[in-house]
Amino acid sequence: MSSGPGADSAPAPTDDHHDAPLTTFSSLAVRNYRMFFFGSSISNIGTWMQRIAQDWLVHELTGSAAAVGITTALQFLPMLLFGLYGGVLADRFDKRRLLFVTQSSLGLTGLLLGALTITGHVNVYHVYALAFVVGVVTVVDNPTRQTFVADMVGPRLLPNAVSLNSANFHSARLIGPAVAGVLITAVGGGWAFIVNGLSFAAPIVGLMMMRSSELNASLRAPRRKGQLREGLRYVGSRPELLWPIVLVGFIGTFGFNFPVWAIAFTDGVFDAGAGSYGLLNTLMGAGSVVGALLAARRGSRRMRFTFAAAALFSAVLMLSSAAPFFWVYAVLMVPMGLVAMTFQVSSNAGIQLNTDPEMRGRVISLYMMVFLGGTPIGAPVVGWVTDSFGPRVGMASGGAICLLGTMALALVLARIGGLRLRIDLRAGRRALALVPRDPQPVATTA
């Protein structure tokens, strides 16, 4: 595979960035990551365009909200069924070559759906089938793309790069839907699919322009039986991986259900319209971008920071449930997006940094499977509580469950680590802190 001009003549990686102070955009000083970042910026806008246009197309074809839900479910289903196998492939094969294949495949699905729509031959089953294909490709693309970041920037800059990737994705969320809306109105949704398909040329060119000699070589797992079970045993034997992944699954299942609550509050509590619902999503997206950029600057990889972010997110959920007016609820969407993104970034970076390179693909695929799979499982439960007891009770109970789960898992980890919670109400002292347990007295003999 060609790596572009000068790929083999470039100097070997150096430690030039190791002593520089960490800033918000430190990872962009790494040339390979810079190529990756700007290519992803363009394709992310296209991805958000396709999401909006695809939902609109299904609604036009069927007039059914359930059909829109089926489309989303088909796109997530492969991750639930085959997610761990994607991690095995990411560990086994060259990540850059895999990304060439996955990014090209995603681009082709967009072009095909666009051609079917523009020519008037599309039906809902075409959309269902292509949504499922996108989900299958994503099973491989997601862990490969996530773990390839470490190959580009190394362990020191990994939290920063993960944060910038999240900021990149959510910044596109502020642009893509608006552009899709203009295209759908002006020339039809088919052209939004075409633009998305063409947008994948940007990351493919970025991959071609990378210098292979400046990538951090990672060990590849040899082909053998039992690699999936090996990954599960690996996570199960390491508390620093197992319990954060459990936490991610818990928060994803009961907390990351913003659309269910936001639309219930917009319509049922504040009697507002679709424009207000769109505003809530925009404000949450803006908060997510800010959270990702702050996480990029801080670069924390400590597990206690991840648990603190989960607890703060739970508290914001409960606080938002009591908002007396729409504008108060809307303003709270910004900190909600901020702490939600901080939690995502810190958990992702912490799990990758605590994983051996040859196992990273399988571990991050388990992380993504739990995180992405939890939300569609939890949404019907959260929706039932919200419908039965009202939006305020639904949102408050979601936050309370997340907070209780976070505290319980934190206590489990503290016990494993030989720590105890110290409460100190004296002035000038930390009120709450985890400290080593008092050592047991040693028995002496006369």
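The values are calculated or read from the model by the stated rules, or taken from the named source; none is laboratory data. Values in this document were obtained by computation on a predicted structure and should not be read as measured data. Cβ coordinates were reconstructed from backbone atoms using ideal geometry, including for glycine residues, and neighbour counts include every protein chain displayed.
Criterion first (within 25 Å of Thr72 (Cα to Cα) and touching a Phe, Trp or Tyr at 6+ places or on another chain (Cβ under 7 Å)) does Thr266 satisfy it?
Yes.
State whether one or more residues within segment 207-217 are under 27 Å from Arg51 (Cα atoms), crowded, with 20+ Cβ neighbours inside 10 Å and out of contact with any His (no Cβ under 7 Å at 6 or more places or on another chain).
So far as segment 207-217 goes, yes, one or more of its residues are under 27 Å from Arg51 (Cα atoms), crowded, with 20+ Cβ neighbours inside 10 Å and out of contact with any His (no Cβ under 7 Å at 6 or more places or on another chain).
For residues that are within 13 Å of the chain's Cα centre (by Cα) and polar (S, T, N, Q), scanning just segment 327-375, find the one that is surrounded by the fewest Cβ atoms within 10 Å (Cβ to Cβ).
Top of the filtered list is Thr375.
Within segment 246-276, count every residue that is more than 20 Å from Thr342 (Cα to Cα) and either in a loop (DSSP other than H, G, I, E, B) or outside the structural domain of Gly350 (by TED's automatic domain parsing) (or both).
Going through segment 246-276, the residues more than 20 Å from Thr342 (Cα to Cα) turn out to be 260-276.
Pick out the ones that are also either in a loop (DSSP other than H, G, I, E, B) or outside the structural domain of Gly350 (by TED's automatic domain parsing) (or both) and you get 270-273.
So the answer is 4.
Tell me, yes or no, whether segment 34-47 has at least one residue that is aromatic (Phe, Trp, Tyr), buried (at least 21 other Cβ atoms within 10 Å of the Cβ), in contact (Cβ under 8 Å) with a residue 40 or more places away in the chain and not assigned by TED's automatic domain parsing to the domain that holds Pro259. Full working, then the answer.
As a first pass, look at segment 34-47 and keep what is aromatic (Phe, Trp, Tyr): 36-38.
Among the residues that remain, those that are also buried (at least 21 other Cβ atoms within 10 Å of the Cβ) are: 36-37.
Subset that is in contact (Cβ under 8 Å) with a residue 40 or more places away in the chain: 36-37.
Then drop every residue that is not not assigned by TED's automatic domain parsing to the domain that holds Pro259, which leaves 36-37.
Yes: one or more hits.
Can you confirm whether segment 105-118 contains a residue that is in contact with a Lys or Arg (Cβ under 7 Å, 6 or more places away or on another chain), in the same structural domain as Ala180 (by TED's automatic domain parsing) and under 30 Å from Met210 (Cα atoms)?
Checked against the condition, which is being in contact with a Lys or Arg (Cβ under 7 Å, 6 or more places away or on another chain), in the same structural domain as Ala180 (by TED's automatic domain parsing) and under 30 Å from Met210 (Cα atoms), segment 105-118 yields no hits at all.
Could you look through segment 312-322, keep only residues that are crowded, with 19+ Cβ neighbours inside 10 Å and among the small types (Gly, Ala, Ser), and pick out the one that is farthest from Asp267 (Cα to Cα)?
Ser314
Got a sec? Which helices (runs of 4 or more DSSP H) wholly within segment 104-216 have at least 1 residues that are closer than 21 Å to Thr72 by Cα and either touching a residue at least 40 places away in the same chain (Cβ under 8 Å) or of a type in the set (Val, Ile, Thr) (or both)?
Working: elements: 124-186, 190-199, 201-209.
Those helices (runs of 4 or more DSSP H) span 124-186, 190-199.
Would you check which residues across segment 94-112 are of a type in the set (Phe, Trp, Tyr) and in contact with a Ser or Thr (Cβ under 7 Å, 6 or more places away or on another chain) and list them?
Passing the criteria: none in range.
Against the condition under 30 Å from Ala296 (Cα atoms) and either part of a helix (DSSP H, G or I) or of a type in the set (Ser, Thr, Tyr) (or both), how does Val88 come out, does it pass? I'd like the intermediate steps shown before the answer.
On the way: under 30 Å from Ala296 (Cα atoms): yes; either part of a helix (DSSP H, G or I) or of a type in the set (Ser, Thr, Tyr) (or both): yes.
Here the answer is yes, as Val88 does meet what is asked.
Take the residues in segment 146-163 that are within 12 Å of the chain's Cα centre (by Cα) and not hydroxyl-bearing (Ser, Thr, Tyr); name whichever of them is nearest to Arg34 (Cα to Cα).
Val162
Hey, among the residues in segment 382-416 that are at pLDDT below 80 and either surrounded by 15 or more Cβ atoms within 10 Å (Cβ to Cβ) or among the basic types (Lys, Arg) (or both), which one's farthest from Leu247 (Cα to Cα)? Don't jump to the end; show me each part of the working.
Residues of segment 382-416 at pLDDT below 80: 383, 413-416.
Narrowing the set further to residues that are either surrounded by 15 or more Cβ atoms within 10 Å (Cβ to Cβ) or among the basic types (Lys, Arg) (or both) leaves 383, 413-415.
Working: Gly383: 21, Leu413: 11, Ala414: 14, Arg415: 16 Å.
Ranking the candidates gives Gly383 first.
Confirm whether Gly107 is at pLDDT 90 or above and surrounded by fewer than 17 Cβ atoms within 10 Å (Cβ to Cβ).
Taking the combined requirement at face value, the residue does not satisfy it.
Condition first: of a type in the set (A, V, I, L, M, F, W, C) and within 13 Å of Ser40 (Cα to Cα). Now tell me which residues in segment 172-216 satisfy that.
Taking segment 172-216 as the starting set, the residues that turn out to be of a type in the set (A, V, I, L, M, F, W, C) are 172, 174-175, 178-180, 182-184, 186-187, 191-195, 198, 200-202, 204-205, 207-210, 215.
The answer is Ala172, Leu198, Phe200, Ala201, Ala202, Ile204, Val205, Leu207.
Across segment 52-67, what is the total count of residues that are surrounded by fewer than 18 Cβ atoms within 10 Å (Cβ to Cβ) and in a helix (DSSP H, G or I)? Can you show your working first?
Here is the first cut: in segment 52-67, the residues surrounded by fewer than 18 Cβ atoms within 10 Å (Cβ to Cβ) are 56, 59-67.
With in a helix (DSSP H, G or I) added as a condition, the list becomes 56, 59-62, 65-67.
So the count comes out to 8.
Quick one: Gln50 ticks every box in (1) at pLDDT below 85; (2) more than 21 Å from Leu215 (Cα to Cα); (3) not small (Gly, Ala, Ser) except a single one, so which number is it?
(1)
Taking only segment 254-311 into account, find how many residues are within 22 Å of Val328 (Cα to Cα), among the hydroxyl-bearing types (Ser, Thr, Tyr) and modelled with pLDDT of 80 or more.
Residues in segment 254-311 being within 22 Å of Val328 (Cα to Cα), among the hydroxyl-bearing types (Ser, Thr, Tyr) and modelled with pLDDT of 80 or more: 2 in total.
Select from segment 143-164 the residues that are in contact with a Ser or Thr (Cβ under 7 Å, 6 or more places away or on another chain) and closer than 28 Å to Ala286 by Cβ and write down the one among them that is modelled with the lowest pLDDT.
Filtering segment 143-164 for residues that are in contact with a Ser or Thr (Cβ under 7 Å, 6 or more places away or on another chain) and closer than 28 Å to Ala286 by Cβ, the one modelled with the lowest pLDDT comes out as Pro159.
Within segment 66-81, identify whether any single residue is without any contact (Cβ under 8 Å) to a residue 60 or more places away in the chain and over 24 Å from the mean Cα position of the chain (by Cα), and answer yes or no.
Yes, some residue in segment 66-81 is without any contact (Cβ under 8 Å) to a residue 60 or more places away in the chain and over 24 Å from the mean Cα position of the chain (by Cα).
Could you list all residues from segment 89-103 that are in contact (Cβ under 8 Å) with a residue 60 or more places away in the chain and hydroxyl-bearing (Ser, Thr, Tyr)?
none
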